[in-house]
Amino acid sequence: MKAPKLKSALLFSSLAIMLLGAGCGTTTAGPTGPDGGVWKTSDRGTTWTNKRALVTGSKVTATAAQFNVLSMAMDPQDNKTIYLATNDHGLAYTLDGGDSWQLAKIGSVAKVTAIAVDPKHKCTVYAASANQIYKTETCARDWEKIFFEPRTEVVFTRIAVDSYNPTILYAGTSDGDILRSQDSGITWQKINRIDGVPVTSLVIDAKDTRIIYVGTSSDGIYKTTDSGVTWTHIKKQFGDLTDGRRIIQIVLDPVEENVIYNVCKYGILKSPDGGETWTALNLISPPGTIKINSLAIDPKNNKSLVYTGVSTLQFSTDGGTNWQPKKLPTTQAGSVVMIDPMDSNVMYLGTTLPPAKN
C-alpha cells in the first residue's frame, strides 16, 4: 500500500495496546472512562476487547471509545482495514483490525451517514455527510467532494458500489430518492423516487449485481433486476405483517440465491424467493418488543447468524431457529455487528449512545 502517512497507525499499534489495555480476553474498557466505539471478539463473542486507541500524530489516546458508530465497512481486499461512519467524529479508519484508529480529514465533517468501499480498487472509498458525497483514492489521506444535493435538508443515507463494475454506484436519500452514477461518482441521475419516504437500506446482490434491494422506513422494499431500469414494489407481500414494511436492514444470504433477511420493526423476516413470500424467524423476544439494529451472516456458514439490539447480542447456529443471548460487553447500545469473512470467530461490534428513556 502506497500510503506512508497511514503507516503511523501501525507504528503506534503496540504502544496503543500497552497504554490502553487492548489485550486479548479483556471485556471492559478500563477502570474509568467511556466504553463505546468498537468492540472486537476473536472467539465468537465469548470475550470482547474495547478497541479504543486513537492515533493523532505521535499521540495515542482512548478517544475512540467515544465514537458513536452509525455504520461500518470492511475493505473487501483487506480484512484489517475497516472504516467507521460516526455521529460525531466524522470518518474513522483502522489498518490493523482495530488496534489503532485514525480520523479522516474531510473538511469540517462531524457526522458521516454512509460509507462504501470500492471492492476492486484498494484505497478508493466513498463517504456521505448530510447532502454531500465525498471520495478518496488515497486511503483516506485526501478527499474530494464529488456530488451534492441542492436541497440542504436532504441527507444521503446509503451508498453502494457494484462489485462487478465498480464504476457504477448507487445512493439513497432521506427524501426517498435513489440515484445511480455510471462514472465513479462524477455524474448522477435519479432512477427512482419513493414519495419522500427515507431509504434505510440499499443492497446489491453480489451474485448478480443487476439485482438491487432498497429498504424504506415505512413503505417496504423496492427491487430491481435490471440495474434500476424497472422496479418491483415489495409491500403487499408482507400481508398481515405490516411492521415488516418498516425496514431497518436488508441482508442477503451469502450462499443461497434469492434468500433475503429483512430486519424490521416486527423482528426478522426471511424470504426464500427474492421477496415474494415471507416468514418470521422465531426470536426469543415477542414481535415488535425490541429494536434490532444489525444482523450479520457468516459468509462461510449461512446457518450462523448474529444480531445486536440495544442491550444484547443473539447468536444462532441453525439459521435462526434457536438463539443464544449474550449481554453486550458495553454500557452503550449495539448499533452494528460485522463478521470477518476470513475468520468467522472474529467479529466487530459498533456501539452508540443508548436511546433516551421516556
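Here, each number is a calculation from the coordinates, and none is a lab measurement. These figures come from a predicted structure and were not determined experimentally. Because the Cβ atoms are built from the backbone with ideal geometry, glycine has one as well, and the counts that use them run over all protein chains shown.
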note = Listed with the fewest Cβ neighbours within 10 Å leading, 118, 183 appear as 183, 118
query = Computed FRET efficiency, Cβ-Cβ of residue 189 and residue 300, R0 45 Å: what is it to the nearest 0.05?
reply = 0.75
ask   = What is the extension gain from residue 145 to residue 258, computed as 0.36 nm multiplied by their sequence separation minus the C-alpha to C-alpha distance, in nm to one decimal?
value = 37.1 nm
Sites residue 138 and residue 80, calculated FRET efficiency, Cβ-Cβ separation with R0 25 Å, nearest 0.05 = 0.90
inquiry  = Could you compute how fast segment 223-266 diffuses translationally, taking Rh as the Kirkwood radius over C-alpha pairs and applying Stokes-Einstein at 25 °C with viscosity 0.890 mPa s? Give it in µm² per second.
reply    = 208 µm²/s
request  = Give, in nm to one decimal, the length gained when the segment between residue 61 and residue 243 is fully stretched (0.36 nm per residue of separation minus the Cα-Cα distance).
outcome  = 61.2 nm
inquiry  = Considering only C-alpha atoms, what is the centroid distance from segment 186-200 to segment 281-344, in Å?
reply    = 30 Å
key: Ascending count of other beta-carbon atoms within 10 Å, so fewest first, for 61, 124, 157, 279   = 279, 61, 124, 157
inquiry  = From the P(r) of segment 75-133, could you give the percentage of C-alpha pairs in the tail past 14 Å?
reply    = 52 percent
request  = Please report, in cubic angstrom per residue, the volume enclosed by the convex hull of the alpha-carbon atoms of segment 97-182.
outcome  = 105 Å³
Spin-label pair residue 317/residue 46, simplified geometry with 7 Å Cα→Cβ offset, distance in nm = 1.2 nm
query = Expressed as a rounded percentage, what relative contact order does the chain have, with Cα pairs under 8 Å and six or more residues apart?
reply = 12 percent
note = Per residue, the convex hull enclosing the Cα atoms of segment 262-330 spans a volume in Å³ of 91 Å³
ask   = So what's the back-of-envelope 222 nm ellipticity for the chain, counting only DSSP H runs of four-plus at -39500 (n - 2.57) apiece and dividing by all residues, rounded to 500?
value = -1000 deg cm²/dmol
key: Approximate spin-label separation residue 326-residue 88, in nm, with each point projected 7 Å along Cα-to-Cβ   = 2.8 nm
message = For the chain, take every pair of Cα atoms, bin their distances at 10 Å starting from 0, and report each bin as a whole percent.
response = 5, 26, 35, 26, 8, 1
Neighbourhood charge, 10 Å Cβ-Cβ cut-off, centred on residue 259 and excluding it, Lys, Arg +1 and Asp, Glu -1 = -3
key: Across 291/326; 51/120; 59/145, pairs whose alpha-carbon gap is larger than 24 Å   = 51/120; 59/145
